[in-house]
Structure formats: structure tokens, C-alpha cells
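The values are calculated or read from the model by the stated rules, or taken from the named source; none is laboratory data. Given the structure is predicted, the values throughout are model-derived calculations rather than measurements. Neighbour counts are summed over all protein chains in view; Cβ atoms, including those assigned to glycine, are modelled from backbone coordinates with ideal geometry. Surface areas here come from the heavy atoms of the whole protein model, side chains and all, with no ligands, DNA or RNA. Shrake-Rupley method; radii C 1.70, N 1.55, O 1.52, S 1.80 Å.
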Amino acid sequence: MFEHIEPYPGDPILSLNEDFQKDPRAHKINLSIGIYFDDAGRIPVLESVRSAEARVLAASGPKSYLPMEGAANFRSAVQTLLFGAGHEAVTSGRIATIQSVGSSGGLKVGADFIARFFPGSQVWVSDPTWDNHRAMFEGAGLTVNTYPYYDAGDARASPPRPAGGLNFDAMVATLRTLPPKSIVLLHACCHNPTGVDLTPAQWDALIPVLRERELLPYLDLAYQGFGDGIEADARAARALASAGLSLFIANSFSKSMSVYGERCGALSVVCADAQQADNVLGQLKFTVRRNYSSPPIHGGQLVATVLGDPTLRDQWEGELAAMRERILAMRRALHDALVANSPGRDFGYLLSQRGMFSYTGLTPSQVDRLREQHAVYLVRSGRLCVAGLNSGNVQAAAQALSET
Ligand code: KET
């Protein structure tokens, strides 16, 4: 029966992380998967989430099914977090939000919805993007293309351009050529894998392009709070909604609340009015019903409890700020160690990029060498997860990088 089934070559991120777990070398360093580790190399349990969990367990009752769209308190807390309590799009009821199985679940429900209701549309993702974006949208039957994004630099240009920036002009030029109703996937902050984000002014310049070309933006907000702060990282979503654009946004709590395995996320669709939002919500529910029927209870209630209680919310903001600041400190430490090892080379990109990731420019064979000779794990694209560095391993990581 199954003779025709070919072996799965593995996922570029998750399978690599599994290989890391099996690696017997004691000095191994995991800079592959997008997980925040603390300075002791552990995945933290946030105190705000621990307190919320105690409350959720104390109050837990019969475990009926949640509605297809998820828990009402979670869904409204998500809208407030993303857009702000007083945002006109929230108060007018023109956002359809579902609780999803991680933001991955939300991204895929959105992709299935697009395949059904925008059958003539193709998807455009940044070059490069998170490996799974292409897989998910293609998995929904959509055609996926790329727009220019990361600037690999040009030593021969005058003045020479260092690697590590954004090629905004080329990005906009490509978006201007797309047919109406094309889906444009954008990282709302902390771009994965490059760490290169649009500035607020660039977001503002993008809005008229999206509007004039009648493009449908699909934001991925997986790292809210890891860039410049909870509110600042939501700026793009708020600006697009305020400009009256319709948009999708999938957001994650995996990283911001360190609840990876609880699979907490949401998909929100900002519509022109409440009537549209009602219809969109209905069709999202149908998409969920045909897929996994309804989301799980527990993780969503942890999130809703943290966001709904002013004391826990304050505590969470502090804990998230500490994670953000530790990543910044590790960017600085790695930068300084690399400069000390290779004077004259420019590692400024490590300081300007935001979020968990930086793009090193290492080739796949260099990444393989790092892993084989030094037990330092990066994704083969050359993506380095800064959040895997700590005061105990950053010098060794820098040494290995310098020798590769
Ligand atoms: N979007 C982006 C941009 C992203 O980096 C991830 C996870 C997700 C969505 C999915 O997160 P979820 O837990 O489903 O809400 N990225 C890391 C882990 C992974 O690949 O699944 C990573 O890039 O390493």
C-alpha cells in the first residue's frame, strides 16, 4: 500500500532542532530554532504565566468544546493587544478574530480561506522569509512568489553598501507591478530570518502602494515585544488598519509568553465594516470546522488571564522587556567578540537588526562546518538565533564563527 511513499527529507528548522537534541557533545550551542532561552540556556516559564496558570487551574470546570472560533475572552484580548482598546477598527466591530493552534494554525486557516475566496490571487513573500510560509501557502494550493527584501550589500557600489539592510526601493517597485488582490505577506516586526525591518516611515510609504494597487496585506506578528516593545511592534498593524486597508494578521504567543507547546495564536481579518467581519468570521469558522473543528482550551486561557488582569499584564510587560534587553545585550556581546577576533570587518548588522534573528551571510557549507567541527547549530540559510546565546557560550560561538 505505501510503497510509493517517499522518505521525508525533514524540516529545515524543526528537524535540525531534533538533531541538536541528539548531539552528544557537551559544548554544543543551539542557535537554530526561534526559541528564547534565558542566560542559563533554559526556556523560561514566565512568572505572569505561572500565576495565570494557577488561577486557570483553580477555576477550571467541565471541559466542553470551545466554539469553532475559540474563547470570547481570548479573542477580544487579542484585538485589544494588537490594535489598542480604543482603535476604531476594534470599537466598530470590523475585525474578525479566531483563536488558532499557534499562529501557524492561524496562518494556514487564512491561507485556506484565501484559496477559497480569492482563487485568482497569488501570494508574494519577502526574499527571504520564514521557510514555512511558502510551505503553508503552497500547501493550501496557492502559488507563492517572492519580492526583493534583504540587501546583501554591494562592495562595488559608490558608496559601497554593507550587507544587512533592506532593499526598500526594489521591494516597492515589485509590489507596484502586482495584479489587484495579490496577497502580500509582511513581517510586522522582527523579520525572520534576517532581523531587518521596515522603518515607521517606510511602512507609511508602503500604505499608498498597497491601496493604489489594491493589494491584500497578510501580516505575520510572531515576535511582538521582541523588537522595540509591545506597542511599537504593533505599529504597522495599527497603521494599516487606520488607513482603511483590509488585512490579515496572524499573531503568536509562543515566544512573547514562552508558551510554545501550548500552541496559542490568533488570526484576525480587518474588514471594511462589521457586516463584512461577521461574514468573514462565519467562513473562518467553517474553515476551522473542516480542519480541526475547534481550538484547545488551556493555552488560550493562560493568555486571556495574563492580558485581562492589570497586575499580570504589567508583570508580563516587564518579563518581555527583560527578554528583549537580554537579546540586545547578546547582540552587543557577539558583535564585540567578532570585531575583536576579526578587526576591520563590519559586524554592524548585528546591532541594527531586531528580534531573535540575524542573517550572517554564511553559506550552507559553512553552516555545516560550524555544526560538524564546533557543534554550533545555525539554520542552513545562515540565520543565527541570537536568543540562543548566553554569557556562558557567546565567546565560544564567536570563536567558532571567526574560524569558519
Ligand atoms: N511566524 C513566524 C515568522 C515564525 O518565525 C514562527 C515560528 C511562526 C510564525 C510560528 O509560530 P507558532 O508557534 O506556530 O505561533 N518560528 C520558529 C519555529 C518554527 O519554525 O516553527 C523558527 O523560525 O525557528
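Which value in deg cm²/dmol, rounded to the nearest 500, describes the helix-derived mean residue ellipticity at 222 nm for the chain, given -39,500 (n - 2.57) per DSSP H run of n ≥ 4 and division by the residue count?
-13500 deg cm²/dmol
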Can you tell me how much longer the chain between TYR8 and ALA201 gets when fully stretched, taken as 0.36 nm per residue apart minus their C-alpha distance, in nm with one decimal?
65.2 nm
For a label point 7 angstrom out from the Cα of GLU88 toward its Cβ, which stretches of the stretch 230-252 have the backbone nitrogen within less than 14 Å?
238-246
With every protein chain in place, what's the accessible area of ILE43 (1.4 Å probe, Å², nearest 10)?
80
Can you sort VAL144, VAL45 by solvent-accessible area, 1.4 Å probe, largest first?
VAL45, VAL144
With the dipole of the stretch 53-312 defined by +1 on each Lys or Arg Cβ and -1 on each Asp or Glu Cβ, the option from GLY261, LEU175, LEU312 whose Cα lies farthest towards the positive pole is GLY261
Could you list log10 I(q)/I(0) for the chain at q = 0.12, 0.13, 0.14, 0.15 Å⁻¹, which the Debye formula gives when each Cα is one point scatterer?
-1.00, -1.17, -1.34, -1.49
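Keeping all protein chains in place, calculate the accessible area per residue for the stretch 274-404 (probe 1.4 angstrom), answer in Å². Please report the intermediate quantities before stating the final value.
On the way: 5600 Å² over 131 residues.
Spelled out: the 1.4 Å probe surface of the stretch 274-404, per residue, equals 43 Å².
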Per-residue accessible area for ARG326 at 1.4 Å probe radius, Å² rounded to 10?
30
Just how much of LYS285 is accessible, in Å², when a 1.4 Å probe is used and the result is rounded to the nearest 10?
60
Just need the relative contact order of the chain here, percent rounded to a whole number, with Cα pairs under 8 Å and 6+ apart.
26
Magnitude of the charge dipole, the stretch 53-312, Cβ model with Lys/Arg +1 and Asp/Glu -1, debye to 20:
600
Ranked order, LEU401, LEU57 - accessible area, probe 1.4 Å, largest first
LEU57, LEU401
Hey, if you put +1 on the Cβ of every Lys and Arg and -1 on every Asp and Glu Cβ in the chain, which of THR404, LEU334, GLY299 ends up farthest toward the positive end of that dipole?
GLY299
If you bin every alpha carbon distance in the stretch 1-154 into 10 Å steps from zero, what whole percent lands in each bin?
8, 20, 31, 29, 11, 1, 0
quick note, the chain, DSSP beta bridge pairs, % antiparallel (nearest 5) is 50
Computed FRET value (nearest 0.05) for ALA232 with GLN283, which takes r as the C-beta separation and R₀ as 30 Å:
0.40
Compute for the stretch 207-303: radius of gyration divided by Kirkwood radius, i.e. Rg/Rh, restricted to C-alpha atoms, rounded to two decimals.
1.00
Accessible area in the full protein assembly, largest first, 1.4 Å probe, for GLU319, GLU372, GLU138:
GLU372, GLU138, GLU319
Counting only residues 5 or more places away or on other chains, whose amide H sits under 5 Å from the amide H of TYR150 once H atoms are built in the peptide plane?
ASP127, ASN167
Counting only protein heavy atoms, what percent of the accessible surface of the chain is carbon or sulfur at a 1.4 Å probe?
53
